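Here's the structure we're looking at; comments come further down.
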Amino acid sequence: MRPSKDEALRDERYRLRIEGFGVGTWDLDVTTRELEWSETARSLFGVPRDQPVTYELFLSLLEPPDRDRIDAAIKRVAEGQGKLDVSFKIPLAAGRMQWIRARGGLIADDAGVASHISGIFLDIGEMKLLEEALRTRESHLRSILDTIPDAMIVINGRGIMQFFSSAAERLFGYTEREAIGQNVSILMPEPDRSRHDGYIARYRSSREPHIIGIGRIVTGKRRDGTTFPMHLSVGEMQSAGEPYFTGFVRDLTEHQQTQARLQQLQSELVHISRLSAMGEMASALAHELNQPLAAISNYMKGSRRLLEGSTDANAAKIGNAMERAAEQALRAGQIIRRLRDFVSRGESEKRVESLSKLIEEAGALGLAGAREQNVQLRFNLNPDADLVLADRVQIQQVVVNLFRNALEAMAQSERRELVAVNRKVADDMIEIEVSDTGTGFPDDVLPNLFQTFFTTKETGMGVGLSISRSIIEAHGGRMWAENNAAGGATFRFTLPAATN
């Protein structure tokens, strides 16, 4: 049955309306391969109005890899096997490419024979550009997630993993394919493993956060069953009315090992510092006590000689007692001299040490709180002047003492900068310089700065710098101080360089 004039007019209006939206129409006779295109279809393919359109022309306009694929798809539709829905590119002028989507279906003629495929052409260039932009953004995000050290895991409201980053693969030992679709509780040891679904249910009902938006240290479990400490931060989002949770995991194993190492190092430094302080004090006391003990001995001997002419019945006994007292005074002096000799030897175990590592570890101890005090730290360390022959703990004691003194000196300064520099100097020595922008020293203080019991602090004992200089001199170096151009203090000391 032929369509009526009204129907034909309606169809023509509908076609024109579609054409007005940039949609091209086409019709292919599957028997004769005659092809008809609308004006919009010609425009999409860049075919002039006066150029005849053939099926062969259509295929020739496609890129070679697409021709066989599109021809096979059209033949399947002609055989009654479904609808046509294909996308392809065609090259245009100036090297441009046009993305087109073709859709169509088998249409019966007036006699009821399905002999035509009719359809539309759509310009999908913008959609393809958007898809490419999304793919680029996804690739960019993936590259970021592949390089950051923190693992990222996304789960849905039932605790099922939806995303598992490369860092998560390395950390937990599961591949992305193995992890996605599994409950995130497999990454937890007991009892959290059994309780995790309850944690999510409790949060969704009460909205009371325990980890979400807060972060805390928990224990993770690897695929091989080993556990490790980790810091977990969780954020929440909604998509299509469903909650999703994104977790960022940081392995704290190395951090805790570093903290344990720093605590051990701090204990060693405290121990050595106490021993050094006691030694320095003992040496100073020995020097001061020897003179009065010698005077006591002399007075005792003089008094005994005065008693020799006395007629007192107890004179002999008194003289004998004074002789013994003088002997004990001399004995005490000898003990103190031996103690002073022992302390002054300053024996230590010297090894080849990395100066940069010594200063880095000392900074972790001596510069605690520097960031909170807005102190700018600059360690300009020369790798060519790195190896020294030193007792690691003793030299770190010296550096920690200098760092702490610098922080105290800059406590009231507007400009707070601490600089550590090393350089090679003559006689195979390496000089270390620690400078601050504090208050510096008055001229009358500098000559006495390293004397025992001399201090510029209200609560200081005056043994820190004295001990430091003793340690440096025991290493064969020297230590001195001066005011710098910034108004602060600069301490320098030398150590013997070590060969590789």
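The values are calculated or read from the model by the stated rules, or taken from the named source; none is laboratory data. Quantities reported herein were computed from a predicted structural model and do not represent experimental measurements. Here the Cβ positions follow ideal geometry from the backbone for every residue, glycine too, while neighbour counts run over all protein chains shown. For the accessible areas, the whole protein counts, side chains as well, though only heavy atoms, and no ligand, DNA or RNA atoms are used. Shrake-Rupley method; radii C 1.70, N 1.55, O 1.52, S 1.80 Å.
Tell me, yes or no, whether the stretch 135-144 has at least one residue that is surrounded by 12 or more Cβ atoms within 10 Å (Cβ to Cβ) and either in contact (Cβ under 8 Å) with a residue 12 or more places away in the chain or closer than 30 Å to Ile74 by Cβ (or both). So far as the stretch 135-144 goes, no, none of its residues is surrounded by 12 or more Cβ atoms within 10 Å (Cβ to Cβ) and either in contact (Cβ under 8 Å) with a residue 12 or more places away in the chain or closer than 30 Å to Ile74 by Cβ (or both). Scanning the stretch 7-66 for residues that are surrounded by 13 or more Cβ atoms within 10 Å (Cβ to Cβ), at pLDDT below 85 and either more than 23 Å from Ala108 (Cα to Cα) or of a type in the set (Asp, Glu) (or both) turns up just one, Glu19. Residues that are of a type in the set (Gly, Ala, Ser) and part of a helix (DSSP H, G or I) within the stretch 134-164 comprise Ser139, Ser143, listed in sequence order. Looking across the stretch 94-134, the residues that are in contact (Cβ under 8 Å) with a residue 12 or more places away in the chain and basic (Lys, Arg) come down to Arg101, Arg103, Lys128. Within the stretch 447-469, is there a residue that is part of a loop (DSSP other than H, G, I, E, B), open to solvent by 70 Å² or more (accessible area, probe 1.4 Å) and either modelled with pLDDT of 90 or more or farther than 25 Å from Ser413 by Cβ (or both)? Looking through the stretch 447-469, at least one residue is part of a loop (DSSP other than H, G, I, E, B), open to solvent by 70 Å² or more (accessible area, probe 1.4 Å) and either modelled with pLDDT of 90 or more or farther than 25 Å from Ser413 by Cβ (or both). Tell me, yes or no, whether the stretch 207-223 has at least one residue that is part of a helix (DSSP H, G or I) and more than 30 Å from Ala78 (Cα to Cα). Taking every residue of the stretch 207-223 in turn, none turns out to be part of a helix (DSSP H, G or I) and more than 30 Å from Ala78 (Cα to Cα). The C-beta contact set for the stretch 311-326 (first residue among the β-branched types (Val, Ile, Thr), second residue surrounded by 15 or more Cβ atoms within 10 Å (Cβ to Cβ) and assigned to a helix (DSSP H, G or I), distance under 8 angstrom, 6+ apart or interchain) comprises Ile318/Leu307.
Scanning the stretch 219-259 for residues that are among the β-branched types (Val, Ile, Thr) and at pLDDT 85 or above returns Thr219, Thr226, Thr227, Val234, Thr246, Val249.
Residues of the stretch 73-86 that are touching a helix residue (DSSP H, G or I) at 6+ places or on another chain (Cβ under 8 Å) and open to solvent by 40 Å² or more (accessible area, probe 1.4 Å): Gly82, Lys83.
Tell me which residues, restricted to the stretch 361-376, are at pLDDT 85 or above and open to solvent by 80 Å² or more (accessible area, probe 1.4 Å). Let's see the steps before the verdict.
At the first step, the residues of the stretch 361-376 found to be at pLDDT 85 or above are 374-376.
Across the stretch 361-376, the qualifying residues are Asn374, Gln376.
Answer yes or no as to whether Glu178 is part of a loop (DSSP other than H, G, I, E, B), acidic (Asp, Glu), open to solvent by 60 Å² or more (accessible area, probe 1.4 Å) and farther than 20 Å from Ile144 by Cβ. Full working, then the answer.
Numbers: part of a loop (DSSP other than H, G, I, E, B): no; acidic (Asp, Glu): yes; open to solvent by 60 Å² or more (accessible area, probe 1.4 Å): yes; farther than 20 Å from Ile144 by Cβ: yes.
Criteria not met by Glu178.
Among all residue pairs at least 6 apart or on different chains, which show Cβ distances below 8 Å where the first residue, located in the stretch 228-257, is under 26 Å from Glu208 (Cβ atoms) and the second is surrounded by fewer than 16 Cβ atoms within 10 Å (Cβ to Cβ) and basic (Lys, Arg)? Listed pairs, sorted by first residue: His231/Arg216; Leu232/Arg216; Pro243/Arg204. Condition check for Asp85 on (1) acidic (Asp, Glu); (2) closer than 15 Å to Val23 by Cβ; (3) in a helix (DSSP H, G or I); (4) at pLDDT 90 or above: one failure, at (3). Scanning the stretch 90-130 for residues that are among the aliphatic types (A, V, I, L, M), open to solvent by less than 80 Å² (accessible area, probe 1.4 Å) and in a helix (DSSP H, G or I) gives a single hit, Ala93. Can you find even one residue in the stretch 207-218 that is of a type in the set (D, E, K, R), more than 19 Å from Thr253 (Cα to Cα) and modelled with pLDDT under 80? The answer is yes, given that some residue of the stretch 207-218 is of a type in the set (D, E, K, R), more than 19 Å from Thr253 (Cα to Cα) and modelled with pLDDT under 80.
Suppose the filter is open to solvent by 30 Å² or more (accessible area, probe 1.4 Å), among the basic types (Lys, Arg), modelled with pLDDT of 85 or more and out of contact with any Leu (no Cβ under 6 Å at 6 or more places or on another chain); does Arg2 pass it? Quick ask: steps written out before the conclusion?
Values: open to solvent by 30 Å² or more (accessible area, probe 1.4 Å): yes; among the basic types (Lys, Arg): yes; modelled with pLDDT of 85 or more: no; out of contact with any Leu (no Cβ under 6 Å at 6 or more places or on another chain): yes.
Considered against the rule, which asks whether it is open to solvent by 30 Å² or more (accessible area, probe 1.4 Å), among the basic types (Lys, Arg), modelled with pLDDT of 85 or more and out of contact with any Leu (no Cβ under 6 Å at 6 or more places or on another chain), Arg2 comes out as no.
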